[in-house]
Amino acid sequence: MIRGMPMPNPLMFVGASFGHRGVMTTVFLTAVVLRYTTFIRGDYSAWWDGGTPFPGYADLWIGNAIHLAFEGTPRGLWFSYEGLLYTIAIAPFLKAFGLYGGLVTWSHVLILSSAVIAPIAMATVRALGGHLAGSTLIGILVAFDPVLTWYGLNGWSDSATMFAAALAFLLFIRAARKPSRLRLICFGATLAILALDHATWTWPAFAWAIACIPLIHKAPLWLPAHIHSSHLNQTERSIRRTILPLVVLIVGLGLANIGLLAIGSTEPGNVFPVLTSDSGNQRRLAMYYDPNLEWDAWQPADTGRTIATRFPQVAGRQISTLVGRQIGPAIPLATWLLVANGIALIVIATRSRKKISVSMIGLSGLLIATIVVWQIDLASDPIAVGLILVLGLAWAYSPTSRTILFISMPILGIILLWTGTITGLRHSSIGAYVLYLVSGILVGEAGIILGRVAQPRRLMWGRMLAGHTMAALTIVSIVFGGIQLFDAFQSRLNLDRYTQWLDTVLPTNAVIMAGGNIDPWYVASHLNRDVIYDVENGARLVLDGANTAWGRRLSQIYPDALTNEELMQSIQADGREAFWYTPDISKLIPSFSPRFVSQATYPKYELLPTRTSSQNEEWAVVVVKPSS
C-alpha cells in the first residue's frame with residue numbers, strides 16, 4: 001500500500017462494479033444456493049412436501065407422471081386434479097432417467113425454476129424503468145421468500161403456477177411497452193400455461209387477458225413518461241392487436257379441451273372440462289358464507305347468491321385474515337418493508353416539490369383501503385393495517401402500481417373469497433408476489449425522482465449511499481447463502497458418515513423406518529436393507545430390493561393386516577426388527593404413531609436409543625418398540 005493512499009472501500013468497489021446485470025446475477029445465484037441448501041438438508045424435494053397439511057399430496061402428480069412415462073396411459077390427466085401440464089412436464093424426466101434419477105433431476109429443475117423467479121421479478125421492475133434499488137429490493141425479497149421456496153421445491157404443481165404468474169407479469173409489462181405480435185403471443189401463451197396448470201386460475205387468466213386489451217391500448221396513460229415516450233405509435237396499440245393474448249389463451253384452452261375429450265379424461269357429459277371446477281369446493285364456499293346451507297341441498301346458484309349477499313358483510317374480516325395471517329407472516333422483514341414503502345410513497349407524493357394531487361380513480365382506492373382498515377383491530381393486526389394502507393396509497397399515487405393491482409384483482413379476489421376454506425400459503429403466495437412488485441415499483445420510482453430533483457452534491461452523496469446500501473445487501477445475501485450452503489454440506493457429510501456407521505452395527509434382518517425428509521433410495525442402497533418411507537403418512541414407499549415402484553405401500557405387502565398394529569406385528573412375524581433412521585438423536589422424538597392405514601385412533605410406538613457411537617455422540621441405533 002502506497003503511503004498516503006486511502007484504504008479501498010470494499011462496499012464502494014462492489015457498488016461501482018455491480019450494475020443491474022451484476023446484481024441480478026448475484027441475487028439469482030443467492031436464490032439458487034438457498035434452494036439447494038433446503039434440498040441438500042432434505043427440507044423439501046420432489047417427493048417430500050415439507051410436512052404440509054396434506055402430506056404426500058405430491059404423490060398425485062408423481063403417480064400420474066409414472067402412468068404417462070412407463071405405461072403410456074393418460075389416465076392421470078384430469079384437469080380437476082390440478083397440475084395438468086405439471087404432470088406432463090415430469091413424465092419425460094422419469095422416462096429418460098428412471099424413477100429415482102428422474103425425481104432427482106426434476107428436483108434440480110424445480111430449484112432452478114424457483115430461483116429464476118427472483119431475476120424475473122427484478123426484470124419486471126427494470127422494464128418499468130425503475131431504479132436499481134427497487135429491482136434489488138424485490139429480487140432479495142423473492143430470493144428469501146420461505147413460501148416460494150417451500151412450494152417451489154416440494155413437488156406440488158404450485159411451483160409451475162408461481163413461475164407462470166411471475167413470467168406473465170414480466171411479459172405483460174414488456175407487451176405494454178412495445179406491443180409487438182411476438183410479445184403479445186408470448187404473453188397469451190403464458191396465461192394459457194397459468195390457466196391449464198391449476199384450475200384455480202382459469203377464470204382469473206381470462207379476466208387478465210380481457211383487461212390487457214384496454215390497458216395495453218392505453219399504456220401511455222399509466223406507463224412512466226420516460227418509458228412510453230418512444231413508443232407512441234398507436235398502430236401497434238390497436239384493439240385488433242391487443243386482443244392477441246385473449247385469442248392465444250382461447251386457442252390454448254381449446255386445444256387442451258379437445259385433447260382431454262379425445263383421451264376420455266373428463267366426467268360423462270362434460271364437454272368443457274377446462275372451464276369447470278370442483279363442485280365440492282363450490283359447496284364448501286357457499287356453506288362457509290351461509291352456515292345454514294346443507295351439503296345435499298346445495299345448488300350451483302347458491303354459491304353466487306352467498307357471495308353477493310354475505311361476502312360484503314365480512315370482506316374486512318376476510319382481508320384482515322388473508323393479509324395478517326397468510327401474506328404478512330410469510331414476507332421476510334415485513335416491518336422494514338413497510339418502512340421502505342412509506343418513505344418511497346412520501347417521495348412520490350411530493351414529487352418535484354409540487355402540490356400533492358390525487359385523481360378520482362386514485363382516491364377511490366385510498367377510500368376503500370381506509371374503510372377496510374377501519375374494520376381491522378390495529379392492536380392485533382398491525383402488519384395487515386400497514387400493508388393495506390401501503391396498497392391504498394400505492395393505488396392513489398402510482399399509476400403503474402395501480403395497473404399491477406388492477407390486473408391482479410381477479411387472482412387476489414379468488415384467494416380472498418376462499419380465505420377461511422381452502423386458501424393456503426400456496427395460493428396466497430401470489431398475493432405476496434404482487435406486494436413485492438408494488439414495493440419494487442414504488443422504491444424504483446422514488447429512486448428515479450430523487451435522482452432528478454437532487455442537487456448535484458446531494459445527488460453524488462445519494463448515489464454513494466444507494467451504492468453502499470445495494471452493495472451491503474448483496475454482500476450480506478452472498479455471505480448468508482454461503483453460510484447456509486456450507487452448513488448443508490456439513491449436514492450431508494455427517495449423514496453419509498452416520499449411514500456408513502449404521503450399516504456396520506445393524507442386524508441383517510433390520511427394517512429401516514424413516515420420516516419424509518430423507519432420500520429413501522439413498523438409505524436403501526447404502527444400508528442394503530429394506531426401507532419403509534414416511535411411516536407417519538401412509539408409508540408411501542417400501543423399498544425391499546424386489547419392487548421400487550412409487551406408491552407401493554406397506555399395506556399392499558401385507559394385505560391381510562387391516563390395522564396399524566397388525567401391520568407392525570406382520571413385520572415382526574417375518575422375523576424382522578424395526579429401527580428408526582436419524583443422524584441426530586438430540587432431535588429424536590420419543591414416540592410416533594405409524595399411519596400405514598386409516599384408523600379412528602393410532603397406536604404409539606417408542607423410539608429407544610440402544611447403542612451410541614464412539615465417533616459421534618449424536619449417532620445411535622434407535623429401536624422401534626410398542627409403547628408400554
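Read-outs: derived from the displayed coordinates by stated rules, not from any lab. What you see is a predicted model, and the numbers here were worked out from it, not measured in a lab. Glycine also receives a Cβ, built like all others from the backbone with ideal geometry; neighbour counts cover every protein chain displayed.
Run the helix sum for the chain: -39,500 (n - 2.57) per DSSP H stretch of 4+ residues, divided by residue count, reported at 222 nm to the nearest 500 deg cm²/dmol.
Numbers: 24 runs with 385 residues, N = 628.
Dividing the helical sum by the residues of the chain leaves -20500 deg cm²/dmol.
Which aspartates and glutamates have a Cα lying under 12 Å from the Cα of Lys625, excluding residues fewer than 8 positions away in the same chain?
In chain and number order, the partners are Glu565, Glu577, Glu606.
Between Ser627 and Ser525, what is the spin-label point distance in nm, taking each point 7 Å from the Cα along the Cα→C-beta axis?
Between Ser627 and Ser525, the label points sit 3.7 nm apart.
Grab the Cα-Cα distance for Val109 and Ala600, subtract it from 0.36 nm times how many residues apart they are, and report the gain in nm with one decimal.
Values: separation 491, 0.36 × 491 = 176.76 nm, distance 3.95 nm.
172.8 nm is the gain from fully extending Val109 to Ala600.
Calculate the spin-label point distance for Trp550 paired with Ala315, positioning each point 7 Å from the Cα along the beta-carbon direction, and give it in nanometres.
About 4.3 nm separates the two model spin labels.
By how many nm would the segment from Ser359 to Phe70 grow when fully extended, if each residue of separation counts as 0.36 nm and the alpha-carbon distance is taken off? Working shown, then result.
Working: separation 289, 0.36 × 289 = 104.04 nm, distance 5.97 nm.
Fully extending the segment from Ser359 to Phe70 adds 98.1 nm.
Which percent of the Cα-Cα distances in segment 506-626 go past 21 Å? Don't skip to the end; give the middle numbers.
Details: 2474 of 7260 pairs.
Summing the P(r) tail past 21 Å for segment 506-626 gives 34 percent.
Which residue, chosen from Asn564, Ser398, Val511, occupies the Cα position most advanced towards the positive end of the dipole of the chain, where the dipole is computed from +1 (Lys, Arg) and -1 (Asp, Glu) charges on Cβ about the Cα centre?
Comparing the listed Cα positions along the dipole, Ser398 ranks first.
What is the calculated FRET efficiency for Ile422 to Arg181, with r their C-beta to C-beta distance and R₀ = 41 Å, to the nearest 0.05? Write out the running numbers ahead of the final one.
Working: r = 39 Å, r/R0 = 0.94.
The value I calculate is 0.60.
About its Cα centre, what dipole magnitude does the chain give when the only charges are +1 on Lys and Arg Cβ and -1 on Asp and Glu Cβ, stated in debye to the nearest 20? List each step's numbers first, then the result.
Values: 44 positive and 35 negative charges, 743 e Å.
Computed charge dipole of the chain: roughly 3560 debye.
Restricting to segment 506-626, what percent of DSSP beta bridges are antiparallel, rounded to 5?
Details: 14 of 21 bridges.
Of the beta bridges lying entirely in segment 506-626, close to 65 percent run antiparallel.
Output the peptides 204-214, 259-269 sorted from most to least packed, where packing is the average of other Cβ atoms within 10 Å over each peptide's residues. Write down the numbers at each step before the final one.
Details: 204-214: 20.6, 259-269: 12.5.
Output ranking for 204-214, 259-269: 204-214, 259-269.
Among rounded, prolate and oblate, which fits segment 236-341 when a ≥ b ≥ c are the square roots of the eigenvalues of its C-alpha gyration tensor, a/c under 1.5 means rounded, and a/b larger than b/c means prolate?
oblate
Among rounded, prolate and oblate, which fits segment 373-434 when a ≥ b ≥ c are the square roots of the eigenvalues of its C-alpha gyration tensor, a/c under 1.5 means rounded, and a/b larger than b/c means prolate? Show your work: numbers first, answer last.
On the way: a/c = 2.15, a/b = 1.07, b/c = 2.00.
Cα axes put segment 373-434 in the oblate bin.
Find which of Ile88, Phe70, Gly328 sits farthest along the positive direction of the dipole of the chain, computed with +1 on the beta-carbon of Lys and Arg, -1 on that of Asp and Glu, about the Cα centre.
The listed residue farthest towards the positive side: Gly328.
How far, in nm, would the chain grow between Asn517 and Ile346 when pulled straight, counting 0.36 nm per residue and subtracting the alpha carbon separation?
Numbers: separation 171, 0.36 × 171 = 61.56 nm, distance 4.65 nm.
Full extension from Asn517 to Ile346 adds 56.9 nm.
What does DSSP give for the chain in terms of the percent of beta bridges that are antiparallel, rounded to the nearest 5?
Values: 15 of 22 bridges.
Of those bridges, close to 70 percent are antiparallel.
Taking the square root of 5 times each eigenvalue of the Cα gyration tensor, what semi-axes in Å does the equivalent ellipsoid of the chain have, largest first? Please report the intermediate quantities before stating the final value.
Numbers: eigenvalues 420, 213, 109 Å².
Result for the chain: semi-axes of 46, 33, 23 Å.
Given contacts defined as C-alpha pairs under 8 Å and at least six residues apart, what's the relative contact order of segment 65-159, whole-number percent? Intermediate results must be reported in sequence, preceding the final value.
On the way: 88 pairs, mean separation 22.1, N = 95.
For segment 65-159, the relative contact order is 23 percent.
For the pair Asp503/Ile263, report the inter-label distance in nm, with labels modelled 7 Å from Cα in the Cβ direction.
Spacing of the two 7 Å Cα→Cβ label points: 4.0 nm.
Could you pull out every residue, at least 5 positions away or on a different chain, whose amide H is within less than 5 Å of the one on Leu541? Hs are placed 1.01 Å off N in the peptide plane, and Pro or chain starts have none.
Amide H neighbours of Leu541, under 5 Å, 5+ apart: Tyr533.
How far is helix 202-217 tilted, in degrees, relative to the longest principal axis of the Cα atoms in the chain, given as a value from 0 to 90 rounded to the nearest 10?
20
Under the classification rounded if a/c is under 1.5, otherwise prolate if a/b is larger than b/c and oblate if not, where does segment 120-207 fall, given a ≥ b ≥ c as square roots of the Cα gyration tensor eigenvalues?
Values: a/c = 2.73, a/b = 1.03, b/c = 2.65.
Taking the square roots of the gyration eigenvalues as a ≥ b ≥ c, segment 120-207 is oblate.
Exposed loop sites here are GluC sites (Glu not before Pro) in DSSP loop states with at most 11 other C-beta atoms within 10 Å. What is the longest stretch of the chain lacking them?
Values: sites that count: Glu294, Glu617.
The reported range is 295-616.
In a shell of Cβ-Cβ distance under 12 Å around Pro399, excluding Pro399 itself, what net charge do Lys and Arg (+1) and Asp and Glu (-1) give?
Working: positive: Lys218, Arg402; negative: Glu445.
Net charge around Pro399: +1.
Once you list every other residue whose beta carbon is under 13 Å from the beta carbon of Arg126, what net charge do they have if Lys and Arg are +1 and Asp and Glu are -1? The partial results should precede the final answer.
Values: positive: Arg21, Arg174, Arg177; negative: Glu445.
So the surrounding residues net to +2.
Give me the net charge for the shell around Arg426: Cβ to Cβ below 15 angstrom, other residues only, Lys and Arg +1, Asp and Glu -1.
Working: positive: Arg325; negative: Asp49, Glu82, Asp145, Asp158, Asp197.
The answer is -4.
Rounded to the nearest 0.05, what FRET efficiency is calculated for Asn292 and Val251 with R0 set to 45 Å and r the Cβ-Cβ distance? Working shown, then result.
Values: r = 44 Å, r/R0 = 0.97.
The formula returns an efficiency of 0.55 here.
Under 8 Å for C-alpha pairs, at least 6 residues apart: give me the relative contact order for the chain, rounded to a whole percent.
On the way: 942 pairs, mean separation 94.4, N = 628.
Value for the chain: 15 percent.
In whole Å, how far is the Cα centre of segment 405-423 from that of segment 579-601?
When both Cα centres are located, 37 Å separates them.
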